[in-house]
Amino acid sequence: MAPVDGTLVKLMIVPYDTSKAFADSQPSGPPFVAQINPAEYTDAVQLQMNSDETPQGADGNEAKVKGIEPRSFTLELKEEGSGALDVDGRHGSTPSSAQSLQDRLNAFRETVGFSGEVHRQRFLHLVWGTLSVSCALESYSVNYKLFDPQGNPLRADLSATFIEHKDPEVQEKEKNLASPDITHGRLVHEGDTLPNVVYGIYRDPGRYLDVARANGLNTVRQLDSGSELILPPVR
């Protein structure tokens, strides 16, 4: 989303050498800034389904989700070296060229690719508008589309796919937010009953009496919509 003053915000790919990424470390190099913002990008989620064999004689098997694959993001970027734009994507006095096109593609490879100090690909932060994700490059391809008389490419379509990556410590913290071993605050929604809410956290409907006492409730059936319910940890 652009600022209120209308300033154009470019998509950025920021490299890091730690999987904690932008949370608590400094970038490992300059960001790659899109010359021309993409017209679209893809945010894909894939579910892991059960692979159990269908029982003999059955028509089918119940589809069950075993897990969720990391999200993937595919960007389609246009890189211009024909001279129609300057190296920063504007009409200006520093025209693009075959060399500037190759410089930009090399900058992309350096930003997303192998880091000699840590001997692996870099961790990345994609940021543009509402898009803000920690990830790593999965694949990319370059489609050259225009050439000068010497056969040097002047225009390229860059397609890159990134896989979301979260530091193990960050993932553990997120898991703990749903753990029955810590205290939760849960907003009550219309139609909620105490046994149903308690079962969703503890997987043990018998604990609703403990939760009722912790919240000073006189009833376990009717809850006030919009109120906060305290769910104490398992002892």
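Bear in mind that the values in this text are calculations on the coordinates, not laboratory data. Computed from a predicted structure; not experimentally measured. Please note: Cβ atoms are built from the backbone with ideal geometry, for glycine as well, and neighbour counts cover all protein chains shown.
Label-to-label distance for residue 141 and residue 204 is 5.3 nm, based on points extended 7 Å past Cα in the beta-carbon direction.
Residue separation of residue 150 and residue 33 scaled by 0.36 nm, minus their Cα-Cα distance, works out to 39.3 nm of gained length. Annotation: amide H of residue 229 within the under-5 Å range of 186, 187, 188, sequence separation 5 or more or interchain, hydrogens built in the peptide plane. Between residue 107 and residue 40, the contour length at 0.36 nm per residue exceeds the Cα-Cα span by 21.9 nm. Extending 7 Å from Cα along the Cβ direction at residue 187 and again at residue 218 yields two label points whose distance is 2.8 nm.
Give, in nm to one decimal, the length gained when the segment between residue 132 and residue 164 is fully stretched (0.36 nm per residue of separation minus the Cα-Cα distance). Write out the running numbers ahead of the final one.
Working: separation 32, 0.36 × 32 = 11.52 nm, distance 1.04 nm.
Using 0.36 nm per residue and subtracting the Cα-Cα distance, I get 10.5 nm.
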